[in-house]
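The values are calculated or read from the model by the stated rules, or taken from the named source; none is laboratory data. The structure presented is a predicted model; accordingly, all values stated were derived computationally and were not measured. We place every Cβ from the backbone using ideal geometry, glycine too, and count neighbours over all the protein chains shown. Note: accessible area is taken over every heavy atom of the protein model, side chains too, but ligands, DNA and RNA are not part of it. Shrake-Rupley method; radii C 1.70, N 1.55, O 1.52, S 1.80 Å.
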Amino acid sequence: MGVRVGPEVEVSALFQQRATDDANSRDRLVHGDETALIDLHERFSSLVYTIAVRVTRDSTAAEDITQEVFLAVWQRPHDFQPDRGSLRGWLAMMAHRRAVDLVRREEAHRRTNLAVRLYDATFSRGDPVGEQVSDEDAAARLAEALKALPERLCRAITLAYLEGHTYREVAVVLGVPEGTAKSQLREGLRRLAEALRETHTGEVEGR
Amino acid sequence: MTHDAVAELIGAWALDACPPDETELVEEHLASCDTCAVEAAALREAAADLGGAYLRPPAHSLSRLLAAAPAKSPYGTQVAALDLLLSDLTPVQWQRPALGELTVRELVAHLAATDSLVAHALGLPTAPPMPAPPPSPAARTEAVLRFEENRSPSQTHRAWRSQADEIAKASTSAGAVMVKLSRTFPLEDALTARAYETWIHREDIASATGRPPMPPLPTHIHPMADLAARVLPRVVSRAVASSEAVRLHLTGPGGGTWTVPLDPASAMTSPATAITVNVVDFCRLAANRQAPSQLAITIEGDIPLAHAFLAAVPSMAPVP
């Protein structure tokens, strides 16, 4: 009590705690504990499902991807390495990769037959498939962070992450060299990571 | 690929926007470059936020998941749990004594040796090849220890793990197979015995390397306790001459009540004594990892008989 520590120390403690919690979840899954799977679904199904919906624009496909991701975690929990990133980031990656694979496979069909785009190319707050909004704050913070990005970086990231384009396709769509597309993606994500870190610091101080 | 060329690609990689061949190159590089791994992890975290997490999956998502999630077998689970522990060991820890004179690595080879008797019964190949007829677990352990002598810990680790995976896979479709371990068991009991021993040796290794013990789940400890209760009459009758029976109340999640006749040949009589003890403690006792005096035990009825029984229980070990 009474000892003040800088935000860096608190953020580092926060990440340390996160890594320990993630490792515990992983261990419980390895030991076959079904309650760990239920906890994980409770905490992260919105994250996984939202990524899948936004990339595939198909709620049925997104539901299937959500199932696949959590089943994969149940069957191969030891694939998660706590020292290489968070459980949250890992789940998001599995969801996103599956969604992108699906979109790329169905790309031709999807892009020629979808008469009405369900989303703008930029970030829509709309709810095309009718699910309940579960975390408006998160959506607002994200919109805020994206708005702060220069238009070219925001556009490059949107094309890559939400539309499932490779950086080479991003370069073609934006009419820039591939090297520029690569560095825009990296620079944009770096700035978002920075904004994200500030959000985490705010959360710690607000406790 | 050079460090700089990979570093350029990290943003695209974190967004899954690299073609497959470049994804592979980036991931190879990340495994060996801490600087890039740190940046990659941070960018991945940022990418995870891009979805927004504001839509909920349909209400039946969880029930559908639980219905689809295959139940885990006790053996497969204990193998995975030991594998997790082994993956975390330093080279020095692999050489620590874990049980008697056996080091951690030798104890893993011992597990692989007894497992190989199950593998052989399932028609799987074994290394070294299994002599005919299959030897006792102790003789097989000696043969495997000699075979593994000059191998590295990671080779022994992989050999144990891949054989265990083959056993788990083959046993799901196996018919009525009998397995000769220290006794002859139907396959299902043999796998329970292997789960039991894998758990006990995992705790040996955990204790030798300064990690906390972690018992199996209640649904997995129950068949182990049941196997012990069924094997005990033959074990205890060697030390305790009695035609009475013991009632075992094993408490805690996964527990239950068993009646153990002390003379396997005699007809079931009503129990002369009742012993109440925690199920995990009892399983450790039967594996000779705890002494009766260390445990919280309640006895009713014939107290000397109960003590004689408890003293004989650890002779069931080494775990069948």
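Looking at B:Val280, B:Val246 in this structure, which one is over 22 Å from B:Pro304 (Cα atoms) and in contact (Cβ under 8 Å) with a residue 60 or more places away in the chain?
On the way: B:Val246 fails: over 22 Å from B:Pro304 (Cα atoms).
Exactly one residue qualifies, and that residue is B:Val280.
Residues are listed down the side, and each one gets a yes or a no for (1) more than 30 Å from A:Leu149 (Cα to Cα); (2) out of contact with any Gly (no Cβ under 7 Å at 6 or more places or on another chain):
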{"site": "B:Leu43", "(1), (2)": "no, no"}
{"site": "B:Gly51", "(1), (2)": "no, yes"}
{"site": "B:Leu84", "(1), (2)": "yes, yes"}
{"site": "B:Gln95", "(1), (2)": "yes, yes"}
{"site": "B:Gly100", "(1), (2)": "yes, yes"}
{"site": "B:Ala112", "(1), (2)": "yes, yes"}
{"site": "B:Thr141", "(1), (2)": "yes, yes"}
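Has region B:223-233 got at least one residue that is under 12 Å from B:Tyr75 (Cβ atoms), at pLDDT below 95 and either surrounded by fewer than 22 Cβ atoms within 10 Å (Cβ to Cβ) or touching a Cys at 6+ places or on another chain (Cβ under 7 Å) (or both)?
No: zero hits.
Would you be able to say whether some residue in region B:270-277 is under 24 Å from the mean Cα position of the chain (by Cα) and of a type outside the set (Gly, Ala, Ser)?
yes
Which one of B:Gln93, B:Gln78 is at pLDDT 95 or above and surrounded by 22 or more Cβ atoms within 10 Å (Cβ to Cβ)?
Numbers: B:Gln93 fails: surrounded by 22 or more Cβ atoms within 10 Å (Cβ to Cβ).
None of the other options fit; the residue is B:Gln78.
Based on this model, can you work out whether B:Ala193 counts as open to solvent by 30 Å² or more (accessible area, probe 1.4 Å), aliphatic (A, V, I, L, M), more than 14 Å from every other protein chain (Cβ to nearest Cβ) and within 18 Å of B:Ala287 (Cα to Cα)? Steps first, answer last, please.
On the way: open to solvent by 30 Å² or more (accessible area, probe 1.4 Å): no; aliphatic (A, V, I, L, M): yes; more than 14 Å from every other protein chain (Cβ to nearest Cβ): yes; within 18 Å of B:Ala287 (Cα to Cα): yes.
No, not satisfied.
Only one of (1) more than 30 Å from B:Asp34 (Cα to Cα); (2) part of a helix (DSSP H, G or I) is not met by A:Asp101, so which one is it?
In the conditions (1) more than 30 Å from B:Asp34 (Cα to Cα); (2) part of a helix (DSSP H, G or I), A:Asp101 misses (1) alone.
Could you pull out every one of the strands (runs of 3 or more DSSP E) wholly within region B:87-194 that has 2 or more residues that are of a type outside the set (A, V, I, L, M)?
Numbers: elements: B:97-99, B:178-180, B:184-186.
Here the list reads B:184-186.
Taking the conditions exactly as written (open to solvent by 60 Å² or more (accessible area, probe 1.4 Å) and more than 30 Å from B:Asp165 (Cα to Cα)), does B:Arg289 satisfy them or not? Even if it seems obvious, please write down each step before you answer.
On the way: open to solvent by 60 Å² or more (accessible area, probe 1.4 Å): yes; more than 30 Å from B:Asp165 (Cα to Cα): no.
Judged against the criteria, B:Arg289 is not a match.
Could you check region A:113-207 for helices (runs of 4 or more DSSP H) lying wholly inside it with 3 or more residues that are at pLDDT 85 or above and within 11 Å of chain B (Cβ to nearest Cβ)?
Working: elements: A:136-147, A:151-157, A:167-174, A:178-205.
Hits in region A:113-207: A:151-157, A:167-174, A:178-205.
For region B:153-183, how many residues meet the condition of being under 18 Å from B:Lys72 (Cα atoms), open to solvent by 30 Å² or more (accessible area, probe 1.4 Å) and among the small types (Gly, Ala, Ser)?
Qualifying residue count, region B:153-183: 4.
Applying the selection to region B:85-106, what residues are of a type outside the set (S, T, N, Q), within 13 Å of B:Thr209 (Cα to Cα) and more than 14 Å from chain A (Cβ to nearest Cβ)? Steps first, please.
Of region B:85-106, the ones of a type outside the set (S, T, N, Q) are B:85-86, B:88-89, B:91-92, B:94, B:96-102, B:104-106.
Filter once more, keeping what is within 13 Å of B:Thr209 (Cα to Cα): B:85-86, B:88-89, B:91-92, B:94, B:96-99, B:104-105.
Within region B:85-106, B:Leu89, B:Pro91, B:Val92, B:Trp94, B:Arg96, B:Pro97, B:Ala98, B:Leu99, B:Val104, B:Arg105 meet the criteria.
Could you please find all residues in region A:59-83 being farther than 18 Å from A:Val30 by Cα, free of Cβ contacts under 8 Å to residues at least 24 places away in the same chain and not β-branched (Val, Ile, Thr)?
So in region A:59-83, the residues farther than 18 Å from A:Val30 by Cα come out as A:59-67.
Still in the list and also free of Cβ contacts under 8 Å to residues at least 24 places away in the same chain: A:60, A:63-64, A:67.
Scanning region A:59-83 gives A:Glu63, A:Asp64, A:Gln67.
Which count do you get for residues in region A:45-59 that are more than 8 Å from chain B (Cβ to nearest Cβ) and charged (D, E, K, R)?
Selection size over region A:45-59: 2.
Mind checking which helices (runs of 4 or more DSSP H) fall wholly inside region B:1-72 and carry at least 1 residues that are surrounded by 20 or more Cβ atoms within 10 Å (Cβ to Cβ) and more than 7 Å from chain A (Cβ to nearest Cβ)? Working first, answer last.
Details: elements: B:3-14, B:20-30, B:34-48, B:61-68.
Passing ranges, in order: B:3-14, B:20-30, B:34-48.
So for region B:197-220 (the condition being open to solvent by 40 Å² or more (accessible area, probe 1.4 Å) and at pLDDT below 90), does at least one residue qualify?
No: region B:197-220 contains no residue that is open to solvent by 40 Å² or more (accessible area, probe 1.4 Å) and at pLDDT below 90.
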